[in-house]
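Values in this text are rule-based calculations from the coordinates and carry no lab data. Here the structure is a predicted model, which is why all the values come from computation and not from measurement. So basically every Cβ, Gly included, is an ideal-geometry build from the backbone, and we count neighbours across all protein chains shown.
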Amino acid sequence: MESDEKATIKMIIDSALHVVKNYISKEPDTIISVEGDDKEWTVVVEVLERKVVPDTQDILGRYEISLSLQGELLRWRQTMIRRRSDLIEQTEEE
């Protein structure tokens, strides 16, 4: 892709999943959100941190992955860790 060409949302999701698998070394569970602006894309992905029996006790981590408009990795950070069964309350800002 040329440096001034913008990535499609599918390309952004594929790039974020590549980051999860190859850099964070985790298995993606759910894409929580994909947002873009005139500077970058932000993808929030939930990953399986640890498999537990019963699966309601699996440990999930939530990562925020920032990509350039062309889909290049800028940064990532873990924003949450929880048990699969934990109830998450969404606020208006989220």
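Name the residue farthest towards the positive end of the dipole of the chain from the options Leu73, Ser33, Ile59, assuming +1 on Cβ of Lys and Arg, -1 on Cβ of Asp and Glu, about the Cα centre.
Checked the options; the winner is Ile59.
Under a Cβ-only charge scheme (Lys and Arg +1, Asp and Glu -1), can you give me the dipole magnitude of the chain about the Cα centre, in debye to the nearest 20?
Dipole about the Cα centre, nearest 20: 580 debye.
Enumerate the lysines that Lys21 could reach by cross-link, defined here as Cα to Cα under 18 Å, with residues fewer than 8 away along the same chain left out.
Answer for Lys21, where 18 Å is the Cα cut-off: Lys10, Lys51, listed by chain and number.
Could you work out the helix-only [θ] at 222 nm for the chain, with each DSSP H run of four or more residues adding -39,500 (n - 2.57) and the total divided by the number of residues, to the nearest 500 deg cm²/dmol?
-3500 deg cm²/dmol
Using the Karplus curve 6.51 cos²θ - 1.76 cosθ + 1.60 with θ = phi - 60°, work out ³J(HN,Hα) for each residue of segment 22-35 in order, rounded to whole Hz, and write x for Gly and Pro.
9, 10, 7, 6, 10, 9, x, 10, 8, 8, 8, 7, 9, 9
Once you place label points 7 Å from the Cα toward the Cβ at Lys39 and Asn22, how far apart are they in nm?
Once both label points are built, they end up 2.6 nm from each other.
Relative to the first principal axis of the alpha-carbon coordinates of the chain, what is the inclination of helix 9-19, with its axis defined by its Cα atoms, in degrees from 0 to 90 and to the nearest 10?
Helix 9-19 and the main axis of the chain meet at about 60 degrees.
Sticking to Cα atoms, compute the Rg of segment 9-83 to one decimal and its Dmax as the biggest Cα-Cα distance, whole number, in Å.
12.6, 43
Cα to Cα, under 16 Å, and not fewer than 8 places away if on the same chain: which lysines meet these conditions relative to Lys39?
Lys6
For every other residue with a beta carbon closer than 13 angstrom to the beta carbon of Lys21, add +1 if it is Lys or Arg and -1 if Asp or Glu, then tell me the sum.
-2
Provide the FRET efficiency to the nearest 0.05 for the Glu5-Ile32 pair, computing r from the beta carbons and using R0 = 30 Å.
The pair Glu5/Ile32 has a calculated efficiency of 0.70.
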